[in-house]
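Asker: Below you will find the structure I want to go over with you.
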Amino acid sequence: RSFAAVAASLSSPHFSRMSVARSSIFIAGAKRTPFGSFGGALKGVSGTDLATHAAQAAIASAKVDPASVDAVFMGNVIQSAPDAAYLARHVGLKSGGAVQTPALTVNRLCGSGFEAVALGAEAILLGQANVTLCGGTENMSAAPFTMDGNAVRWGAALGKPPQMVDSLWSGLTDSLSGTPMGITAENLAEKYDISREACDAYALQSQTRYAQAAAQGVFEAEIAPMEVKVKRKMKTVDADEHPRETTLESLAKLPAVFKEGGRVTAGSASGICDGAAALVVASEQAVAQQDLKPLARVVAWKRVGCDPSIMGIGPVEAIRGVLSAAEMTLDDIDIVEINEAFAAQYLSCAKELGLDNDTSNMNGGAIAIGHPLGASGARITAHLTHELIRTGKKYAIGSACIGGGQGIAVLLENATL
């Protein structure tokens, strides 16, 4: 791409948000690991190795030469392994990428997987890449307990031993606003008049829809089974571990977690899980040169900020923004999936947007599947890619709220129609 062409794109009024693909950008491969439950079969697999497995599967399914990948973008939130600082770079090299290919590990919290896809698309738009490897990963089971380095390295006062902190639990509170993520959902429930009963009913719907979809083989196209060692024996993990059978009666018995008489329970919150997802994102030129089969076109994407105390509402303006950028309305969209951080959060977004329950989170969501923080955006993008093909629908939007008060959304078009 010429300098003049790049300069012209930079002067575009849309560049400030970089939310519309002004040339065709395609997803050519989309795979994920099964999602392991907290302390489950994948607890011993590092975030790097989870992402490598998904990346290798995505590259193989796309039938793309891994040496042709021009950039790697991987989302990761909790640095839960010694090699976490090198994560994206190691994933690229372990997946067969060229030594010369740069890599970037991304942390936009729960939106990191979506962010990786957006960055991959932007690299293509800017003429910096023709093929990008994008995704996200998280091993939440291995989230470390930490100690203050100053206290440990330079000595502790007599009778004041260094305190150990659970990084997983502490990370679920926005220290600037002083608000735990669960309280942000409670705040939304108050604002949008979402009852405890509605939250329990939605949690049951997520589990039920997932179970029905899994029974129909809906997730087989996206999941790349893994061989892991469990109690000295190799085990094939080919299904998500977190989904469970439940009833409204069982859900109603669960105590509120964050406030007395609250709406958020363990049953209506997203699952703490381990897993990864990866996508091969390619330019129209790369598709032609390597004879790739496009699965979906990345139409547009949008990032926004919102009030940290109701961070869960972030998807609303992100979705409105991505629709505006593409000059579309919700009536044009066939499938929507908003990451289910909490039932109260999802229901608030659905109420504000006026979502159709029949076309939203149709196969369940993070309440059933789980929410490995850095992976979920990539998981949703991969799922929507395959779901558009399976159903023969044309357009889908994936979105997530982001701790600290942000939202992100990605709009896809079925490329096989």
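The values are calculated or read from the model by the stated rules, or taken from the named source; none is laboratory data. Please read all numbers here as calculations on a predicted model, not as lab measurements. Glycine gets a Cβ as well: all are built from the backbone with ideal geometry, and neighbour counts include every protein chain shown. When the accessible area is computed, the model is the full protein with side chains, heavy atoms only, and any ligands, DNA or RNA have been set aside. Shrake-Rupley method; radii C 1.70, N 1.55, O 1.52, S 1.80 Å.
Asker: Tell me, yes or no, whether region 187-201 has at least one residue that is touching a helix residue (DSSP H, G or I) at 6+ places or on another chain (Cβ under 6 Å) and within 20 Å of Leu373 (Cα to Cα).
Answerer: No: zero hits.
Asker: Taking the stated definitions as given, is Glu317 over 27 Å from Ala142 (Cα atoms) and assigned to a strand (DSSP E or B)? Before the answer, list the steps.
Answerer: Details: over 27 Å from Ala142 (Cα atoms): yes; assigned to a strand (DSSP E or B): no.
It is false that Glu317 is over 27 Å from Ala142 (Cα atoms) and assigned to a strand (DSSP E or B).
Asker: Only one of (1) under 28 Å from Gly47 (Cα atoms); (2) in contact with a strand residue (DSSP E or B) (Cβ under 6 Å, 6 or more places away or on another chain); (3) not aliphatic (A, V, I, L, M) fails for Ser309. Which number is that?
Answerer: Of everything listed in (1) under 28 Å from Gly47 (Cα atoms); (2) in contact with a strand residue (DSSP E or B) (Cβ under 6 Å, 6 or more places away or on another chain); (3) not aliphatic (A, V, I, L, M), Ser309 misses just condition (1).
Asker: Please find, within region 20-39, the residue that is surrounded by the most Cβ atoms within 10 Å (Cβ to Cβ) out of those that are modelled with pLDDT under 95 and not hydrophobic (A, V, I, L, M, F, W, C). Quick ask: steps written out before the conclusion?
Answerer: If we filter region 20-39 for residues that are modelled with pLDDT under 95, which is where we start, we get 20-24.
After this cut, where a residue has to be not hydrophobic (A, V, I, L, M, F, W, C) as well, the list is 22-24.
Values: Arg22: 12, Ser23: 13, Ser24: 17.
Once the filter is applied, the top-ranked residue is Ser24.
Asker: Within region 209-236, work out how many residues are surrounded by 15 or more Cβ atoms within 10 Å (Cβ to Cβ) and at pLDDT 95 or above. Talk me through it step by step, then tell me what you get.
Answerer: Our first condition is that a residue be surrounded by 15 or more Cβ atoms within 10 Å (Cβ to Cβ); within region 209-236, this holds for 209-211, 213-214, 218-219, 221-224, 226, 228.
Add one more test, that the residue is at pLDDT 95 or above, and what stays is 209-211, 213-214, 218-219, 221-224, 226.
Summing the residues that are surrounded by 15 or more Cβ atoms within 10 Å (Cβ to Cβ) and at pLDDT 95 or above in region 209-236 gives 12.
Asker: A further question follows. Gly261 fails exactly one of the following numbered conditions: (1) open to solvent by less than 10 Å² (accessible area, probe 1.4 Å); (2) part of a loop (DSSP other than H, G, I, E, B). What is the number of that condition?
Answerer: (1)
Asker: Can you confirm whether region 220-237 contains a residue that is of a type in the set (Asp, Glu), touching a Ser or Thr at 6+ places or on another chain (Cβ under 9 Å) and part of a loop (DSSP other than H, G, I, E, B)?
Answerer: Here is the first cut: in region 220-237, the residues of a type in the set (Asp, Glu) are 220, 222, 227.
Now restrict to residues that are touching a Ser or Thr at 6+ places or on another chain (Cβ under 9 Å): 222, 227.
Cutting the leftovers down to part of a loop (DSSP other than H, G, I, E, B) gives us 222.
Yes, because at least one residue in region 220-237 is of a type in the set (Asp, Glu), touching a Ser or Thr at 6+ places or on another chain (Cβ under 9 Å) and part of a loop (DSSP other than H, G, I, E, B).
Asker: Considering each residue of region 332-375, count those that are hydroxyl-bearing (Ser, Thr, Tyr) and either assigned to a strand (DSSP E or B) or closer than 20 Å to His242 by Cβ (or both), and give that number. Talk me through it step by step, then tell me what you get.
Answerer: Going residue by residue through region 332-375, those that are hydroxyl-bearing (Ser, Thr, Tyr) are 346, 348, 359-360.
From what is left, the residues that are either assigned to a strand (DSSP E or B) or closer than 20 Å to His242 by Cβ (or both) are 346, 360.
The number of residues fulfilling the criteria is 2.
Asker: Follow-up question, since we're still on this one. Among the numbered criteria (1) open to solvent by 10 Å² or more (accessible area, probe 1.4 Å); (2) of a type in the set (Asp, Glu); (3) in contact (Cβ under 8 Å) with a residue 40 or more places away in the chain, which one does Asp83 miss?
Answerer: (3)
Asker: What pairs can you find where one residue is in region 289-310 and within 30 Å of Thr173 (Cβ to Cβ) and open to solvent by 30 Å² or more (accessible area, probe 1.4 Å), the other is modelled with pLDDT of 95 or more and assigned to a loop (DSSP other than H, G, I, E, B), and their Cβ atoms are less than 7 Å apart, with a gap of 6+ or different chains?
Answerer: Matching pairs, first to second residue: Gly305/Gly405; Cys306/Gly405; Asp307/Gly405; Pro308/Gly404; Pro308/Gly405.
Asker: Another question, then. Would you confirm whether or not region 44-57 contains a residue that is over 20 Å from the mean Cα position of the chain (by Cα), in a loop (DSSP other than H, G, I, E, B) and more than 13 Å from Val131 (Cα to Cα)?
Answerer: So in region 44-57, the residues over 20 Å from the mean Cα position of the chain (by Cα) come out as 44.
With in a loop (DSSP other than H, G, I, E, B) added as a condition, the list becomes 44.
Add one more test, that the residue is more than 13 Å from Val131 (Cα to Cα), and what stays is 44.
Yes.
Asker: Let me ask something additional. Among the residues of region 355-377, are any within 21 Å of Ser61 (Cβ to Cβ) and among the aliphatic types (A, V, I, L, M)?
Answerer: Within region 355-377 (the criterion being within 21 Å of Ser61 (Cβ to Cβ) and among the aliphatic types (A, V, I, L, M)), the answer is yes, since at least one residue qualifies.
Asker: Continuing with this model, one more query. Which residue pairs have Cβ atoms closer than 8 Å, lie 6 or more positions apart in sequence or on different chains, and pair a first residue in region 228-245 that is farther than 18 Å from Glu340 by Cα and charged (D, E, K, R) with a second residue that is part of a loop (DSSP other than H, G, I, E, B) and open to solvent by 50 Å² or more (accessible area, probe 1.4 Å)?
Answerer: Filtered contacts from region 228-245: Lys229/Gly44; Asp238/Pro225.
Asker: Would you call Glu115 modelled with pLDDT of 95 or more, part of a strand (DSSP E or B) and among the charged types (D, E, K, R)?
Answerer: Details: modelled with pLDDT of 95 or more: yes; part of a strand (DSSP E or B): no; among the charged types (D, E, K, R): yes.
When the stated conditions are applied, Glu115 does not pass them.
Asker: Test Ala409 against the criterion of being open to solvent by less than 40 Å² (accessible area, probe 1.4 Å), in contact with a helix residue (DSSP H, G or I) (Cβ under 6 Å, 6 or more places away or on another chain) and more than 30 Å from Glu245 (Cβ to Cβ), and give yes or no.
Answerer: Values: open to solvent by less than 40 Å² (accessible area, probe 1.4 Å): yes; in contact with a helix residue (DSSP H, G or I) (Cβ under 6 Å, 6 or more places away or on another chain): yes; more than 30 Å from Glu245 (Cβ to Cβ): yes.
Yes, satisfied.
Asker: Any idea which residue in region 311-330 is least open to solvent (accessible area, probe 1.4 Å), counting only those that are under 19 Å from Ser360 (Cα atoms) and without any contact (Cβ under 8 Å) to a residue 40 or more places away in the chain? Let's see the steps before the verdict.
Answerer: Taking region 311-330 first, the residues under 19 Å from Ser360 (Cα atoms) are 312-323, 328-330.
Still in the list and also without any contact (Cβ under 8 Å) to a residue 40 or more places away in the chain: 320, 329-330.
Numbers: Arg320: 92, Thr329: 72, Leu330: 47 Å².
Only one residue fits best here, namely Leu330.
Asker: Hey, another quick one. Can you tell which of Ile338, Ile367, Ile333 is under 15 Å from Ala266 (Cα atoms), open to solvent by less than 30 Å² (accessible area, probe 1.4 Å), of a type outside the set (Ser, Thr, Tyr) and touching a helix residue (DSSP H, G or I) at 6+ places or on another chain (Cβ under 8 Å)?
Answerer: Numbers: Ile338 fails: under 15 Å from Ala266 (Cα atoms); Ile333 fails: under 15 Å from Ala266 (Cα atoms).
Going through Ile338, Ile367, Ile333 in turn, the sole match is Ile367.
Asker: Val322 versus (1) modelled with pLDDT under 95; (2) touching a strand residue (DSSP E or B) at 6+ places or on another chain (Cβ under 6 Å); (3) not acidic (Asp, Glu): which is the lone unmet condition?
Answerer: (1)
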